[in-house]
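> Provided herewith is a single structure, encoded as structure tokens, for subsequent inquiry.
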Amino acid sequence: MLELSAEIAAQLGTGDAAFDRIFQLTGQEFRNREGRETLRVKIGDEYYFLKRHCGYGWKFILKTLLTGGFPRISARTEQEAIQRCQKAGILTVEVVGCGERGRNPATRQSFLLMRELRGCRDLEELCQTWPKQPPAPKFRHALMDAIGNTARRMHAAGLNHRDFYLIHLWLEQPVQEDGELRLHVIDLHRAMWHRRVPLYWRIKDLAALLFSARDCGITKSDCLRFIRAYRGKSLREIFTEEPALWRLVLLRSNRVFRRHNHRQPDGELRVPRLHRRCEAYGV
């Protein structure tokens, strides 16, 4: 299987020869582990990101199956997740090439070629200065709304990311004249899709997002604004109908933070009790 856009086919041809040329491309390496490489490559005058799956081996496949997982051994998984995001109106990357060959799942080769996101910046880098240099409140509020709306659309479409961190959310810059923030979701290699996202996977995505933001000067107000955008309801309704969901998100986020950083997260976030102070957040 080989699918190439017209611009890539014009540069590299078609058929097995094109597959070989793409698989042999070299460039700046961003990741190389477990049979998968991510490279920034140049084709003609343009830059692209190449995800190259070189064969995972039976040891990796069996280990994943025995631990209750499902091995993602082909680039087609990410290609389909990208297509589902686009169908749901979620901004993501543009795929310009995808290929796969080999029947043996342990040695199967595949690749995904994506156009580089220009004029974008990942939110982890963007927000790392917030503790010492907080952004303007208007921008901060708009960003929380944009992240909440993106997460809501993704889960409503039956998609869960599994690596839903700030670093995988890229913001277009400069911001639109109308103030709209445009977020792109990337790195969908491990994404899953369902008719309806199970509670476990929703909690995992939301906790991962909070975990990645804990050292970025995140505030209680930021969290509440995100929650309201994610659920599309007033805070009073949300915390009346599903307080357990958000407690579980906080518990998992704190547990992951302690495991990775060997310390407690700064500050303390709790699901608020319902009282008149919630009116300050627009209930």
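The values are calculated or read from the model by the stated rules, or taken from the named source; none is laboratory data. What you see is a predicted model, and the numbers here were worked out from it, not measured in a lab. Ideal geometry is used to build each Cβ from the backbone, glycine not excepted, and the neighbour counts take in all protein chains shown.
> Only residues that are more than 25 Å from Ala18 (Cα to Cα) and either among the polar types (S, T, N, Q) or in contact with a helix residue (DSSP H, G or I) (Cβ under 8 Å, 6 or more places away or on another chain) (or both): list them for the stretch 35-65, please.
If the condition is that a residue be more than 25 Å from Ala18 (Cα to Cα) and either among the polar types (S, T, N, Q) or in contact with a helix residue (DSSP H, G or I) (Cβ under 8 Å, 6 or more places away or on another chain) (or both), then Thr64 is the only one that fits.
> Still on this model: State whether the residues of the stretch 22-34 include one that is closer than 30 Å to His155 by Cβ, modelled with pLDDT of 90 or more and not assigned by TED's automatic domain parsing to the domain that holds Ile186.
Checking the stretch 22-34: at least one residue is closer than 30 Å to His155 by Cβ, modelled with pLDDT of 90 or more and not assigned by TED's automatic domain parsing to the domain that holds Ile186.
> Is one or more of the residues making up the stretch 244-252 under 24 Å from Leu126 (Cβ atoms), in a helix (DSSP H, G or I) and touching a residue at least 60 places away in the same chain (Cβ under 8 Å)? Steps first, please.
Restricting attention to the stretch 244-252, the residues satisfying the condition of being under 24 Å from Leu126 (Cβ atoms) are 249-250.
Narrowing further to those that are in a helix (DSSP H, G or I): 249-250.
Okay, now just the ones that are also touching a residue at least 60 places away in the same chain (Cβ under 8 Å), so none.
Scanning the stretch 244-252, I find no residue that is under 24 Å from Leu126 (Cβ atoms), in a helix (DSSP H, G or I) and touching a residue at least 60 places away in the same chain (Cβ under 8 Å), so the answer is no.
> Further, regarding this structure: Looking for something on the phi < 0 side of the Ramachandran plot, buried (at least 22 other Cβ atoms within 10 Å of the Cβ), of a type in the set (Ser, Thr, Tyr) and in contact (Cβ under 8 Å) with a residue 12 or more places away in the chain - is there at least one such residue anywhere in the stretch 97-107?
No: zero hits.
> Here is a follow-up. Is it the case that Ser110 is hydroxyl-bearing (Ser, Thr, Tyr) and either assigned by TED's automatic domain parsing to the domain that holds Ile186 or touching a helix residue (DSSP H, G or I) at 6+ places or on another chain (Cβ under 7 Å) (or both)?
yes
> Among the candidates Pro265, Pro272, single out the residue that is modelled with pLDDT under 65 and either surrounded by 15 or more Cβ atoms within 10 Å (Cβ to Cβ) or outside the structural domain of Asp215 (by TED's automatic domain parsing) (or both).
Pro272
> Still on this structure, please answer the following. Where the second residue is part of a helix (DSSP H, G or I) and the first is of a type in the set (Asp, Glu) and lies in the stretch 70-83, which pairs have Cβ atoms under 6 Å and are six or more apart or on separate chains?
From residues that are of a type in the set (Asp, Glu), there are no pairs.
> Considering only residues that are of a type in the set (Val, Ile, Thr) and under 23 Å from Glu124 (Cβ atoms), which ones fall in the stretch 177-197? Walk me through it before giving the result.
Just the residues of the stretch 177-197 that are of a type in the set (Val, Ile, Thr), to begin with: 185-186, 197.
Hits for the stretch 177-197 are Val185, Ile186.
> Restricting attention to the stretch 161-182, does a residue exist that is in the same structural domain as Arg195 (by TED's automatic domain parsing), under 18 Å from Arg84 (Cα atoms) and of a type in the set (S, T, N, Q)?
no
To keep it simple, each residue is scored yes or no on (1) assigned to a loop (DSSP other than H, G, I, E, B); (2) surrounded by fewer than 20 Cβ atoms within 10 Å (Cβ to Cβ).
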residue	(1), (2)
Ile147	no, no
Ala151	no, no
Met154	no, no
Phe164	yes, no
Val175	yes, yes
Leu181	yes, yes
Leu188	yes, no
Arg196	yes, yes
Trp201	no, yes
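> Would you tally the residues in the stretch 147-161 being under 18 Å from Leu123 (Cα atoms) and touching a Leu at 6+ places or on another chain (Cβ under 9 Å)?
Final tally of qualifying residues: 5.
> Quick one: in the stretch 42-65, which of the residues that are in contact (Cβ under 8 Å) with a residue 24 or more places away in the chain and among the hydrophobic types (A, V, I, L, M, F, W, C) is nearest to Cys98 (Cα to Cα)?
Filtering first and then ranking leaves Leu50.
> Could you pull out the residue among Arg115, Arg140 that is of a type in the set (Lys, Arg), under 29 Å from Glu46 (Cα atoms) and either in contact (Cβ under 8 Å) with a residue 24 or more places away in the chain or not assigned by TED's automatic domain parsing to the domain that holds Arg36 (or both)?
Answer to the selection: Arg115.
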